[in-house]
Every structure is written in structure tokens, then in C-alpha cells.
Amino acid sequence: MRWIWIDRFEAFESGSRAVTIKNVTLAEDHLHDHVPGFPVMPASLMIEGMAQTAGILVGEARHFSEKVILAKVKRASFVRLVRPGDQVRYEAHIDQLTDSAAATSGRITVGGELVGEVEIVFSHIDQNMSGLEFPEENFVFTPQFMALLQTHRQQAGERIAL
Amino acid sequence: MPAIPREEIFEKVRHTLVEALSVEEDEVTENATLTGDLGAESIDFLDIVFRLEKAFGIKIPQEELIPRDILSNPDYVADRKLNAKGLAALKQHMPHADLNAFESDPDIDKISDVFTVGTIVNFVQGKLAAS
């Protein structure tokens, strides 16, 4: 299993907004295990999907020079179930961005209907964890995540080297 | 612009802390410490700073609230305690904080005790007066 909870970027506006989609299928084990006999997409994994969308948005805003980690889920509320066959849309916005952290807010929808809202604070860990050492390489943004963004940019005709 | 009364700033700070730390309103008193009494972790400070910036329309550089450069300066720290020079620098940098108790045992691991609700209110009041 690959820990990638978004399938594709639909829109990317550097430093401000990103939209991704995730197609939910019965082939995924987690759908069956969450509520046995009633396959639904777990809300926790939708928070992860939003965190990946917003996290890449925050990372790109500083040219991936920072290791961006989820510090805190400020708020998460869900009002609708997500079932197999649904296409989930994550729309993330950067509300505040500093050298050490970022605050984002986002909406999760299916077919235009609100599924939930998630607000997240991210930390640039090298700026915040004084005394702790982290590997030189940016282990947060793996090649798999980079490929998602690169694919979007190539489709948008902006061939930018990452 | 007329100065916002301290009581009004306190109420806004209280609301911010209730939201950020999921504590009860009556727990947020002037003397409550953010980490000891209200259970804030270091990561919560990032959230609190963002919320205060939004609530009051101010900018809070991290160094202004928590002067890490003083606490990590080898000229100021020995055996994880601030020396007299370090304390003087800290006082100058943190006029919003009551450092009396910290001064008697200037262990840098106890700096978080300095951050009471009142400290935050004073800090915001100072920022608003300067803006």
C-alpha cells in the first residue's frame, strides 16, 4: 500500500490554493474494515487527504526547502458520508504563512455537496524543534508526491523542473 | 484609534485560548499558565500565535513572543540556567512578562511558566499600542 490519499491535482495556485481529487473504490481495504458490512470512507483518511493537499501547497510556497509536518488539526467537522464510487474533492487554502509555520483551511465536497471542513496548522520542523536534528534530505516530500504535482503542471503546460 | 480596554483584550484572548486548547472559559484566568494549567504543548503556540494575529489584526514574529535566541545563546546560559546578563536581556525583550518568579530559578526549561494568560494579554496590548 502506498500512503497517498489524493489521486490528482485539479488546480494549483502557488502560495494560496490547491484542489485535488480522490476516487473512492471498493478495491480499497479500508472501506470494508471501517464499518463492517457498510463500506464508507473513514473521516480520518479524508483529514489525511486534506493534509496532503494542503501540505504540498504549503511546501511549494517555500520551494520545498522546509520539512512541513502536520502540527495540529485545529478543527475537523463532517456532515456527509462518502461511499464507494464517490469522487472526493479537496480544496485547501493557505490562511497564514510564516517562516516557522502555516495555517490552512479546506473544504471537502462530493459532487458539489459539502462533506466536511478541516483546518490544519503545519510546522516547518527545522525552524521549531531546536535541539533536535533531522535528516538533511526532505523526507516529507517524497518523489511520489512530487510526481503528482509535476503531472498536474505538465498537464497545465507549465513544465517546471522540481 | 482609541486604545482597546484591557478587559476587552482579555476576553478575546480568553476566547482564543478556549478554542485553541479546548479548555473551559473559567479555567482561563489572568494567572493561569499556558503549559502547566491549560495543557498547551509547544505546537499549540504556533496555533495560538496565528489565532491572535487573526483576532487582533496584528503580526507576531515568533522571536518577539519567545526569544529563543536568548535562551540558546551560550553567553547567556550555563547549565541550562540563564546568567545575570541573560536575565537582563530577557527582561528587556519581554516587558510583557512578569519574570520575578523565574528570576529566583532561571532554569530555561521552566521558561514556559512565564507564559500566563496575563502575559499574553500584556503582549497583545503592547502590540496594539505600537501599531
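Quick notes
- Test: residue in region A:3-19 that is outside any strand (DSSP E or B), surrounded by 13 or more Cβ atoms within 10 Å (Cβ to Cβ) and free of Cβ contacts under 8 Å to residues at least 12 places away in the same chain: no
- Taking residues in region A:50-74 that are within 14 Å of chain B (Cβ to nearest Cβ) and touching a residue at least 24 places away in the same chain (Cβ under 8 Å), and partners anywhere that are hydrophobic (A, V, I, L, M, F, W, C) and surrounded by fewer than 18 Cβ atoms within 10 Å (Cβ to Cβ), the pairs with Cβ atoms closer than 7 Å and at least 6 places apart or on different chains are A:I69/A:I125; A:A71/B:I43; A:K72/B:I43.
- Pick from region B:60-79, criterion without any contact (Cβ under 8 Å) to a residue 12 or more places away in the chain and at the interface with another protein chain (Cβ under 9 Å from one of its Cβ atoms), ranking: farthest from B:A20 (Cα to Cα): B:S72
- Inside region B:17-68, residues that are small (G, A, S) and touching an Asp or Glu at 6+ places or on another chain (Cβ under 7 Å) make up a count of 2.
- Listed by position, the helices (runs of 4 or more DSSP H) enclosed by region B:42-106 that each have at least 3 residues that are modelled with pLDDT of 90 or more and among the small types (G, A, S) are B:84-93.
- Set A:A92, A:A54: member being crowded, with 23+ Cβ neighbours inside 10 Å, modelled with pLDDT of 95 or more, assigned to a helix (DSSP H, G or I) and among the hydrophobic types (A, V, I, L, M, F, W, C): A:A54
- Taken over region B:13-23, residues that are touching a residue at least 40 places away in the same chain (Cβ under 8 Å) and crowded, with 17+ Cβ neighbours inside 10 Å amount to 3.
- Comparison of B:K110, B:K91 shows that the only residue that is among the basic types (K, R) and touching a Leu at 6+ places or on another chain (Cβ under 9 Å) is B:K91.
- Enumeration of residues in region A:89-111 that are away from chain B (no Cβ under 14 Å) and in contact (Cβ under 8 Å) with a residue 40 or more places away in the chain: A:R89, A:Y90, A:E91, A:A92, A:G106, A:I108
The values are calculated or read from the model by the stated rules, or taken from the named source; none is laboratory data. Just so it is clear, the model here is predicted, and its values are computed rather than measured. Note: ideal-geometry Cβ built from the backbone for every residue, glycine included; neighbour counts use all protein chains shown.
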